[in-house]
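Here is the structure we will look at, set down as structure tokens.
The values are calculated or read from the model by the stated rules, or taken from the named source; none is laboratory data. Keep in mind the model is a prediction, meaning the values are calculated, not measured. When we count neighbours, we look across all protein chains shown, and the Cβ atoms used for this are built from the backbone with ideal geometry, even at glycine. For accessibility, only protein heavy atoms count, side chains too; no ligands or nucleic acids. Shrake-Rupley method; radii C 1.70, N 1.55, O 1.52, S 1.80 Å.
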Amino acid sequence: MIASSSCQIMRSLHFFIFFSALITTYSTSTAVEITKGINGLDKVILRQTQGSGVEVYLYGAHVTSWKNGQGQELLFVSSKAIFDPPKPIRGGIPICFPQFSNLGTLQSHGFARNRLWTVDNNPPNVTSEVANGVFVDLLLKPTEEDLKIWPHRFEFRMRVTLGPTGDLMLASSIKNTDADGKLFTFTFAHHTYFSVSNISGVEVKGLGKLDYLDNLKNRERATEVGDAITIKSEFDRVYLSTPTEISILDQEKKRTFVVQKDGLPDAVVWNPWEAKAKTMADFGEDEFKYMVCVEAAAIEKPITLKPGEEWKGRLQLSTRL
Ligand code: TA6
């Protein structure tokens, strides 16, 4: 669709009005700001009065920073991360869609993480899901190029909300907007990289006694024997049908991350450890000690949407001492 110049002017005027209104509304206590990040890539910064903050790049709708009220960074981003499309950003919260890992014909983890999303300046509802929450809506629709590799029309809307106490919420809605009656099927993950003091002092809780697929053994199915998971070597497992709450204990910092999820039945736990870390150009050799991925996901049972149907998924991250 070729937009006329007056229509483009109107749209950017809308864009400007929406953003200045947003900044004005929130400038006293909380803030939403769009600015330039690394390599000039656009990013949105959300701030709360008590000092917490979130940064999300339009490139990949990729959250790259989540800070608590003391300004401490809670997410891991590699010192070697590349902010240069089409390379995905190593760290933060990449979105794996419409394919997790190599579960299909697309590139690893699909294409949503290396596409440019737009800010939705007419969000369906302007009420935050939490009182005094500050949010931004990001939108992804397939380009003609995308349709060549994945011939399905969809609308992916993700609302990034920072709550008044610093909780981070990612609410996703994916609609099948195909006019020709074609259904589609996808797998999904929020590939969250948590920043930890030292992996040797980390415990992941809530996945005990569950079945999992071991990605290091050709997705062989097995059952978790322990209650709390500790990681002492390369680790890459998809835990199936997990509880809606998982926690990650960082003993050294005496900090617990709480992962709450809806519509995302599975959870991936990943750490590349030493040898694999050395093979990753955008990852520091010893950085495996300072991160753990715990990924809210829908993998075992792919999601199928008929035209007009919508899937919703929700991730809420918080910390407790
Ligand atoms: O989520 C775990 C995983 O699928 C691992 O197998 C590993 O490949 C990791 O994701 C990173 O994938 P990436 O494509 O970002 O290098």
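Could you pull out every one of the lysines with an alpha carbon less than 25 Å from that of LYS289, ignoring same-chain neighbours closer than 8 positions?
LYS67, LYS80, LYS87, LYS205, LYS217, LYS232, LYS253, LYS254, LYS276, LYS278
Beyond 14 Å, what share of the Cα-Cα pairs of region 160-228 remains, rounded to the nearest whole percent?
Roughly 80 percent, once rounded to a whole number.
For region 141-297, state what percent of all Cα-Cα pairs lands in each successive 5 Å bin, counting from 0 Å until the bin that includes the largest distance.
Spelled out bin by bin, region 141-297 gives 2, 8, 14, 18, 16, 15, 13, 8, 4, 1, 0, 0 percent.
Taking the alpha-carbon distance from LYS141 and a cut-off under 13 Å, which aspartates and glutamates remain once sequence neighbours fewer than 8 residues away in the same chain are dropped?
Candidates past the 8-residue exclusion: ASP120, GLU155, ASP178.
Do any trypsin sites (Lys or Arg not before Pro) in region 122-188 lie in a loop, going by DSSP, with at most 13 other beta-carbon atoms within 10 Å of their beta carbon, and if so which?
LYS182
What does the net charge come to around VAL54 if you take all other residues with beta carbon closer than 13 Å to its beta carbon, with K and R at +1 and D and E at -1?
Net charge around VAL54: 0.
Normalised by the empirical 2.2 N^0.38 Å for globular proteins, what value does the Cα Rg of the chain take?
Relative to the 2.2 N^0.38 Å estimate, the chain comes out at 0.99.
With a sphere of radius 14 Å drawn around the Cβ of THR127, what net charge do the other residues whose Cβ falls strictly inside it have (Lys, Arg +1; Asp, Glu -1)?
The answer is -1.
So if I average 1/r over every pair of distinct C-alpha atoms in region 47-158 and take the inverse, what Kirkwood radius in Å does that give?
15.5 Å
Alpha carbon centre of region 207-227 versus region 125-168: separation in Å?
So the two Cα centres are separated by 32 Å.
If I build a Gaussian network model for the chain, linking alpha-carbon pairs within less than 10 angstrom, which residue out of ALA31, ALA61, ALA296 has the largest mean-square fluctuation?
Of the options given, ALA31 has the highest mean-square fluctuation.
Taking Cα atoms, how many degrees apart are the long axis of helix 5-27 and the longest axis of the chain, rounded to 10 and kept between 0 and 90?
With rounding to tens, the tilt is 60 degrees.
Please give me, ordered by residue number, the trypsin sites (Lys or Arg not before Pro) of region 226-268 that lie in loop per DSSP and have at most 11 other Cβ atoms within 10 Å.
LYS232, LYS254
Of the heavy-atom accessible surface of region 172-321 (probe 1.4 angstrom), what whole percent is carbon and sulfur?
49 percent
Return one whole number: the accessible area per residue of region 172-219 in Å², for a 1.4 Å probe.
I get 38 Å² per residue for region 172-219.
Taking the Cα centre as origin and putting +1 on Lys and Arg beta-carbons and -1 on Asp and Glu beta-carbons, what dipole magnitude results for the chain, to the nearest 20 debye? Working shown, then result.
Numbers: 36 positive and 37 negative charges, 41 e Å.
The calculation lands at about 200 debye.
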